[in-house]
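Okay, so here's the structure we're looking at.
The values are calculated or read from the model by the stated rules, or taken from the named source; none is laboratory data. In this text the structure is predicted, and so the values were computed from the model without any measurement. We place every Cβ from the backbone using ideal geometry, glycine too, and count neighbours over all the protein chains shown.
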Amino acid sequence: MPSQVWAWAAPLMAVALTMLLGGFLFAALGKNPVSVIRTIFWDPLFSEFAWFYRPQILIKGAPLVLIAIGLSFGFRAGVWNIGAEGQYIVGAICGAAVALALYPMDARWLIFPLMVVAGALGGWVWAMIPGVLRVRFGTNEILVSLMLVYVAEQLLSGMALGAMRNPDGMGFPGSRNLAQYPSAANLDLIAGTGMHWGVVFALIAVIFAYVTLSRHLFGFQVRLAGQAPRAARFAGVNPARMILLCMGISGALAGVAGLFEVAGPSGQISIDFNVGYGFTAIIVAFLGRLHPLGILAAGALMALTYIGGGIAQSQLGLPAAAISLLQGMLLFTLLAVDVLTNYRVRFGRREVA
Amino acid sequence: MRDTLLTLEGLTKAYPGVVANRDVSFDIGKGEIHALLGENGAGKSTLVKTIYGLVKPDSGHMTLDGRRFAPDDPAAARRAGVGMVFQHFSLFDALTVAENIVLGMDAPPSPRAIAAEVRRVSDLYGLPLDPDRTVGDLSAGERQRVEIIRCLLQDPRLLIMDEPTSVLTPQEVDILFTTLRKLSGEGTAILYISHKLSEIAALCEAATVLRLGAVVATCDPRTTAPRDMAELMVGQVLQSPVRAARPAGRMALELRGLSARAPHRFGTALRDITVAVRAGEVLGIGGVAGNGQDELVAALSGEMPVAADMVWFNGSPVGSDPVNTRRANGLLCAPEERLGHAAAPDMTLTENALLTGVTRKGLARRGFLRWPQARHFAQEIIAGFDVRTPGPENTARSLSGGNLQKFVIGREIMQDPQVFVVNQPTWGVDAAAAAAIRQALLTLADNGAAVIVISQDLDELMEISDRFCALTEGRLSEPRPARGLTVDQIGMMLGGAHDMEVAHVAK
């Protein structure tokens, strides 16, 4: 058993190791590794233009944290929802559908809450598909939820080009811009801070998850189901109900994240609306040790790599793929560090049993 | 006195934090059946592993037949004439008996030659075994014969047997003992490890008792009372369970034609089980593991729901009720597997107390957990059942098997059950803890609960049950009063020896 200290030291080591390996990667690309690392991890927070980048961290971090919090329930209980990206897209489509259907009605008190509910519902329904198939027919929720991401992407482009296309858009793909529709817009609550409703929801989700996991019977059952499935049954946990609840929570939170994105930072349903938050959130969840506060920190860090990566791309000419690689490397090194904290590598012959 | 075969002199082996063997010295004579006694953790396994070349001692040495004996690995030990039959078999289910035996040999002959050799040896020692059968189809007793014959083919001069009878029916035990006596008569020494003192009294001519890694006594089991040997092992005076005479109470639990399909490929189907238990009564259910014990407990606990009218509790049908409804009403269970089923290994004792205690002990209010009360409940269990642990914040995994078992049983008993079903209550538990657990079960019955004890240990069942029945292949025999049952009668109830089957096939 690794100690409590190591459980938290491992993610920090993984971050350090990723910077090191990333440095080699950037050097191989012919860049100065020190300046690239500084651009990614330091400049967004402390450079001359940090006032511009800091709000961006909230905007990028909120969906990551929201989705990762939802995923952490399932991951703790041994329910592997890999398709948060699809649930995120469908949540955005459903939320936007409410706004577009009621356009140009002027009733923010009704429309915006309704959009949030529709977004959550959309994500929930999309997650229920693999959930119900797993419970009913024993299908693998990893594969089904993942494949539904691609279905959702097709749905998204269908919407952007067809049903949801802006009638005043002169034939360009994409819906009306919701950020310009006051009843539906998810704008900064305090101008210039990046603090939109999604950030508020993400913080509420963190607190909710923290309380549930440490103080509520459901959280206890989630942990039990993941650690000792037979003991969970013995404690009266219904495995099918647990699967549906965990899929439902993660789907609903991913859907809400999609809604906040489409109503604010992105503004419209477009072909390239999704940028992989649903997948990156998996890394965030594990980097945060599936712990709500850890996820908050990991979400902030991952948002930093998005922003810093963007800067490095525009200022140093780093390819976008290099940033994705860096993010993936984070999960990879975390897994490697975990393996090495749990097991010792031994060379030579095995003892005869 | 026989000629000495193996001499152990001052063997010491220390692991970090514990001395497994401390200056162990004794002799085993040629052809002697020598018992090695001790509680769990007394150092028996380390000692036999030393003899079998799996462990190197820190100091001390061994002499075999007058020559220095220090095997580097089991192959060297086997070449020197030491064979060992482990408690857990290492056989491949999909291969035949002959193929399995060939795989375990250092210089294997052809499978055909082996088949003839297996037939010869199995005839010679009265161990019926068909070399062409697939191991997956064999009973536990037959699998053990495969292991024994594998050893015998190497002409051992010393055969080590670790808890050989734990999986056998009484008739199979008789067959095994006949074989061992024959081997002994031919000059093969046997080092016999067992918890079952009555067996040792019947079989062995000398015994060495280990406690905390050191030899504390040697005795002749034929003349020493089993009770005295038990006290030597434990180092204290043993309390025999006592119980008051109980009048038959009201009907507490009734099974009416309980049938269920096997829950998974390796499970056992339950077939038409009908039995009734009254308040204040202990019903013992015997049988070799894998005959439906787990499934029966699952049907009673609610983990495997059945038709409602198959299980009646206090006069109402509960067969389809979920786990916590039954628990709330007072039907509690303790499954066999402690780690992973009765308790979550990496959770603290407080969390594990909560695991089943939440319903009856009111450890949650409107879904929110009351951690201080849960901790208090865990502390009560620890104090009430003498669980040796620094405190309730330790994980279940950190407890020894016996201590965790006391915790698990205590957790259910402290919830004041009306019906308590327990599977293998003292499996792998040392003598003192086992006695404490049995006493707790009897006290529970004295206080008016109906208790069902499922166990492979027939001595235990005879000691505490009022009525006894046997579970074989998912069928439950008619219960009979436990007092006055003979070993033969029990054996017949358990379905007799499995070698009947073999004789049938060979015909």
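Observations on the model:
- Matching residues, region B:152-161, being surrounded by fewer than 20 Cβ atoms within 10 Å (Cβ to Cβ) and closer than 24 Å to B:Glu199 by Cα: B:Arg157
Here's the yes/no breakdown for (1) surrounded by fewer than 18 Cβ atoms within 10 Å (Cβ to Cβ); (2) of a type in the set (Ser, Thr, Tyr); (3) part of a helix (DSSP H, G or I); (4) at pLDDT 95 or above:
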residue: A:Trp124; (1), (2), (3), (4): no, no, yes, yes
residue: A:Thr139; (1), (2), (3), (4): yes, yes, no, no
residue: A:Tyr150; (1), (2), (3), (4): yes, yes, yes, yes
residue: A:Ala163; (1), (2), (3), (4): yes, no, no, no
residue: A:Gly169; (1), (2), (3), (4): yes, no, no, no
residue: A:Phe172; (1), (2), (3), (4): yes, no, no, no
residue: A:Arg176; (1), (2), (3), (4): no, no, no, no
residue: A:Pro182; (1), (2), (3), (4): yes, no, no, no
residue: A:Ala191; (1), (2), (3), (4): yes, no, no, no
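- Residues (in a helix (DSSP H, G or I) and either β-branched (Val, Ile, Thr) or outside the structural domain of B:Gly126 (by TED's automatic domain parsing) (or both)) located in region B:167-221: B:Val173, B:Ile175, B:Thr178, B:Thr179, B:Ile200
- Verdict on B:Ala269 being farther than 16 Å from B:Pro479 by Cβ, of a type in the set (A, V, I, L, M, F, W, C), touching a Gly at 6+ places or on another chain (Cβ under 7 Å) and assigned by TED's automatic domain parsing to the domain that holds B:Gln418: yes
- Any hit, region B:77-90, residues being touching a Leu at 6+ places or on another chain (Cβ under 8 Å), within 14 Å of chain A (Cβ to nearest Cβ) and farther than 15 Å from B:Thr179 by Cα: yes
- Within region B:58-114, strands (runs of 3 or more DSSP E) holding 3 or more residues that are touching a Lys or Arg at 6+ places or on another chain (Cβ under 6 Å): none
- If you go through region B:135-148 and keep only what is surrounded by fewer than 23 Cβ atoms within 10 Å (Cβ to Cβ) and at pLDDT 85 or above, you end up with just B:Glu147.
- Entry remark, region B:472-482: residues being modelled with pLDDT of 90 or more and within 18 Å of the chain's Cα centre (by Cα) number 0 in total.
- Some residue of region B:97-115 being of a type outside the set (Gly, Ala, Ser) and closer than 26 Å to B:Asn291 by Cβ: yes
- Filter result for B:Gly53 (touching a residue at least 12 places away in the same chain (Cβ under 8 Å) and either at negative phi or away from every other protein chain (no Cβ under 14 Å) (or both)): no
- Checking each residue in region A:4-40 for being out of contact with any Ser or Thr (no Cβ under 9 Å at 6 or more places or on another chain) and within 14 Å of chain B (Cβ to nearest Cβ) picks out only A:Gln4.
- Among residues of region B:79-113, those that are within 14 Å of B:Asp155 (Cβ to Cβ) and either outside the structural domain of B:Leu191 (by TED's automatic domain parsing) or of a type in the set (D, E, K, R) (or both), counted: 2
- Any hit, region B:386-394, residues being among the aliphatic types (A, V, I, L, M), free of Cβ contacts under 8 Å to residues at least 40 places away in the same chain and more than 10 Å from chain A (Cβ to nearest Cβ): yes
- In region A:232-251, residue farthest from the other protein chains (Cβ to nearest Cβ) [restricted to those that are surrounded by 24 or more Cβ atoms within 10 Å (Cβ to Cβ) and closer than 19 Å to A:Ala120 by Cβ]: A:Gly251
- Restricting the first member to region A:208-231 and to residues that are more than 9 Å from every other protein chain (Cβ to nearest Cβ) and in a helix (DSSP H, G or I), and the second to residues that are buried (at least 17 other Cβ atoms within 10 Å of the Cβ) and acidic (Asp, Glu), no beta-carbon pair is closer than 7 Å while six or more apart or on different chains.
- Selection count where residues are surrounded by fewer than 19 Cβ atoms within 10 Å (Cβ to Cβ) and either among the hydrophobic types (A, V, I, L, M, F, W, C) or in contact with a Lys or Arg (Cβ under 9 Å, 6 or more places away or on another chain) (or both), scope region A:197-216: 6
- Taken over region A:31-52, the criterion of being in a loop (DSSP other than H, G, I, E, B) and of a type in the set (Phe, Trp, Tyr) is satisfied by A:Trp42, A:Phe49.
- Selection within region B:73-101: residues that are farther than 21 Å from B:Gly53 by Cα and among the aliphatic types (A, V, I, L, M). The member of this set that is surrounded by the fewest Cβ atoms within 10 Å (Cβ to Cβ) is B:Ala94.
- Qualifying residues in region B:45-62 (those that are in contact with a Ser or Thr (Cβ under 8 Å, 6 or more places away or on another chain) and charged (D, E, K, R)) - the one nearest to B:Met84 (Cα to Cα): B:Lys56
- Check on B:Val358, at the interface with chain A (Cβ under 9 Å from one of its Cβ atoms), without any contact (Cβ under 8 Å) to a residue 60 or more places away in the chain and under 24 Å from B:Leu444 (Cβ atoms): yes
- Residue selection: A:Val275 satisfies the criterion of being farther than 15 Å from A:Ala99 by Cβ and outside any helix (DSSP H, G or I).
- Reported count of residues in region B:300-352, each being within 11 Å of another protein chain (Cβ to nearest Cβ), of a type in the set (A, V, I, L, M, F, W, C) and out of contact with any Ser or Thr (no Cβ under 8 Å at 6 or more places or on another chain), is 6.
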